[in-house]
1. Within 11 Å, Cβ to Cβ, of G449, how many net charges do the neighbouring residues add up to if Lys/Arg are +1 and Asp/Glu are -1?
2. For a Förster distance of 35 Å, can you work out the FRET efficiency between the beta-carbons of E636 and L611, rounded to the nearest 0.05?
3. Run the numbers for L391 and S506: contour at 0.36 nm per residue of separation, minus the present Cα-Cα distance, in nm.
4. Length gain on complete extension for the stretch N302 to H200, per 0.36 nm per residue less the alpha carbon to alpha carbon distance?
5. Evaluate the distance, in nm, between pseudo-label points positioned 7 Å from the Cα of E76 and of A151 along their respective Cα→Cβ axes.
6. For W468, W508, what's the fewest-to-most ordering of other Cβ within 10 Å of each Cβ?
7. What whole-number distance in Å separates the alpha-carbon centres of region 113-151 and region 401-452?
8. What fraction of the DSSP beta bridges in region 183-449 is antiparallel, stated in percent and rounded to the nearest 5?
Amino acid sequence: MNSLLFDRVPRPKVFEDNLWAAADRLRAKSNLKSSEYAAPLLGLFFLRYATNRFEKMRADADAQNAAKQTGRNVEEPEQTYVRVIGFVVPAAAHYDNTLLQLGPNDSAPEMVIKAMEAFEEANPDAGIKLPKADYRKIPDDVLRGILLEIAGLKITEGDVFGKIYEYFLGKFALSEGQKGGEFYTPTSVVRLIVEILEPHTGRILDPACGTGGMFVQSAKFVRSHEEAGHLSIYGQEQKSETSMLARLNLFVNGLKSDIRNVDSSLAEGAYEDDYADTMGKFDFVMANPPFNVDKVTAADINSNELFTTYGPKLPTKGKGKTAEIYPNANYLWISLFAMALNETGRAGFVMANSASDARGAEAEARAKLVQDGLVDVMVTIASNFFYTVTLPVTLWFLDRAKTDAAHPRHDQTLFIDARRIYNQVTRKLREFTDAQQQNLTAIVWLYRGETDKFQALRQQYVEALATWRDTEVTDPDFEPVRQYRGLDQHRATYATALVALAQQASDWLENAQLLLSQDAQEALAANEEWEKILTAHAQLTADTLPPDKAGLLALSQQAEALVTFADKVLRPAKDKSWKAANLRGGLRQLGEELDLLLFVLERVTYFETQLAWLDGHFPDGEYRNVEGLCYLASREDIKEQQYSLNPGRYVGVALDDDGRTPEEFKEFVQTQAEQLARLHADADALQGQIAQEVRVLFMDVMREGVA
């Protein structure tokens, strides 16, 4: 199935609600702080996942092991489990047979800790450490309740566990601010970096890897392209708890990695190079490093070329003395990323917007990057993509192959301003839909001359559009599974439901006519809309239905008003025909058909919009500069802008629209109006408080004067 078919489709929240219910137990009845919820819960999710996956694949592994017993290469069952499943689940770590079978005298915290220790001992080559420190802080009855809640979750695939993992990191980031979000890079941003970087095969480094999301998305990129490429993963992280979660995340996604803990990093003002062969050894570098760190000293760097080649010079103090502390570590990170690349390596990373225009020593470092031809693509994204960074950020892409003067793009840098491209998830959070991320990547494809990829994406939209218009589509993520039959068929079914409801109402009224009260008869005579609606709805067909959502909703509102009028105003007290007429049932059926129709209509409109976006911006399937969106700059262009790498300086401003859909614009206006009303109310309250304080002050003064 086309992977974009259900792009931006809201999913049932039951799964997520169950996840949060477990955290609610911890919040109410444990000694854990909310910033400490993630580790113990993820540990339990892992054991649930491991047991489910083990049991799902165990029969196949046992069959393969039995076949091995008659040949030369005899395997122990544990060896076969590791080869086929990836790990062994010993009896003590089995979620169903052990953790759900605790006796009244068992200590749930101790049994959970033993289960995790047993898993680690049975899988020594996995290189993971499960969280164990906080379980003793959880009351026995609370932990037993959480075990039961998690038992019902369907966690059988690594990517499902990844969804759980991502959900909790995001949830804690939202509720805990910097504490929860400092290591979390939103998936849609990571995916855009990965798609532009195209890490097909080779060695990949993230020197600020957090929980390993960059690596997981890179592996998914390889799999999604059905390639046999292999990525060798190297990462380092300062916080031991975070690196532990990174290893766990990679393990459940079937990825082998070398994730190292460093006692210090640029985030704290020092750097310990655990990779002796970092210089020029990596095919890809991806990172979301800490921004604007100001504690790095000259001694920390120790003149290491990794940091000094494209890093800023130390500032000078009075009397020509050189300072010992770098005012900002952004370009130390950038230099590290650039110097870790091999001769054809690419880097993609998140950086504060300020780094694109920073002056002084940082401007000199940026000029050197441009002059050497390293800067490949710059993408500015909107604010509120990150849980802990509300300001817009810039995605940098370096390509060491471009440093060769013979490279066709040696003198070129692509600038993309994507600040108007986003999907508003909540009032405080945005993301890229799959299509938005693909559309932005398509600009880079055209810049690189990869027009075949552009045409393939366009064809995906064409096929998705045809699918939703004409054929049946199954959505397996709904329980029960939902079937869609194509736009025309849903329009016909909805029209049939409207006609049927009108006929039901007409038949009922005919049967109940003699029983109508005098008031009901007068109300019916005065209601000119009743007969109009009945007549109009009775004549509807798929071809005469309104083409848009607003028109369809208006029809349903008319039908609801018709039934409500019949029920609340006309219906006689002793009417036995009302139940048989089943107007309320017809109205419910109409609502169900409308939901299906609107969903399919939204899909059709969505893919029409994507096709229009591609064809409108790049009608010939070739790259061109688009006002307000993208610009292909030469080195001379960048020099004229004082080596600024801010896309806004190059792409100009699009005046045609603000990038919002009508629904998004309406929500924006409502939000601004509500905020303005709150500000006015606060101002009025403050003015009243000041007036009261002034009155009290003068009364005190007058009393003192009288005394």
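Read the figures in this text as sums done on the coordinates, not as results from a lab. All figures in this text were calculated on a predicted structure; none of them were measured in a lab. Don't worry about glycine lacking a Cβ; one is built from the backbone with ideal geometry, like all the others, and counts go over all protein chains shown.
1. Taking every other residue near G449 into account, the sum is 0.
2. 0.45
3. Working: separation 115, 0.36 × 115 = 41.40 nm, distance 5.90 nm.
Going from the current span to full extension adds 35.5 nm.
4. That pair, N302 and H200, stretches by 33.3 nm at full extension.
5. 3.1 nm
6. Details: W468 24, W508 21.
Taking fewest neighbouring Cβ atoms as first place, the list is W508, W468.
7. Each part's Cα centre sits 42 Å from the other's.
8. Rounded to the nearest five, the antiparallel share is 45 percent.
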